[in-house]
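Here's the structure we're looking at; comments come further down.
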Amino acid sequence: MSPFSESPNSGRPQVFQPPQGDLAVLHGSGNPLLAQSVANELGVSLVPCRAMTFSEGNVFVQIKENVRGRNVILVDDFTITARTLTTLATALKDRGAKDIYAAVTHGALSEGVAAMIGESCIRKMFMTDTIESLEEALPDNFEILPVAPIFAHAIRSIHERTSVSLLFANG
């Protein structure tokens, strides 16, 4: 079964089915515009937050909206150490978030990071296969999503001289 389905708001391919119930989307330390796009696609608001990692490795987290009882999706463009991601997940759990999911475009995971995420409060870690750098086994809470169907759709559309605009946010 493909992890891709049609987005209810746009008819474009959607990477995963969002959890049911009250939903919040937050961004990690990276790309807030990506997180905003995901929130828009899911028809929910982006919860204002701030996550900063300092040179000595400490992470400062500020969540500016109540997440108690809500399912949360953390969105980031890439992760190497997942320090900010797991610290933010713990902070959300401490503030009463229900289930915490993470969606990361590029997972260039350092050694031991997959196990750390596996032991964290992140229920499911969605990551694309754009980087094949995983030398260790992934825990059960990881789901790797292939990008090949999206590339194939674009290539087919170009070859057939049809629109590829459905693949883009304002298509």
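Among the chymotrypsin sites (Phe, Trp or Tyr not before Pro) found in region 78-171, those both in a DSSP coil and sparsely packed, with 11 or fewer other Cβ atoms within 10 Å of their Cβ, are Phe168.
Only beta bridges with both residues in region 13-148 are counted; by DSSP, about 20 percent of them are antiparallel. Let a ≥ b ≥ c be the square roots of the eigenvalues of the Cα gyration tensor of region 91-169; is it rounded (a/c under 1.5), or, if not, prolate (a/b larger than b/c) or oblate? Since a/c reaches 1.5 but b/c is at least a/b, the shape of region 91-169 is classed as oblate. Put a dot 7 Å past the Cα of Asn66, heading toward its Cβ, do the same for Ile155, and the two dots end up 5.0 nm apart. Starting from 0.36 nm per residue, how many nanometres of slack lie between Ile144 and Ala108 once their C-alpha separation is accounted for? Extra length from Ile144 to Ala108 when fully extended: 11.7 nm. Of the trypsin sites (Lys or Arg not before Pro) found in region 119-162, those that fall in a DSSP loop while having at most 13 other beta-carbon atoms within 10 Å are Arg161.
For Thr162 and Thr53, the FRET efficiency from 1/(1 + (r/R0)^6), where r spans their Cβ atoms and R0 equals 41 Å, is about 0.40. Residues of region 92-114 with an amide N closer than 13 Å to a point placed 7 Å from the Cα of Arg123 along the Cα-to-Cβ direction: 93, 97-102.
Read the figures in this text as sums done on the coordinates, not as results from a lab. This structure is a prediction, so every number in the text was calculated from the model and none was measured. Cβ coordinates were reconstructed from backbone atoms using ideal geometry, including for glycine residues, and neighbour counts include every protein chain displayed.
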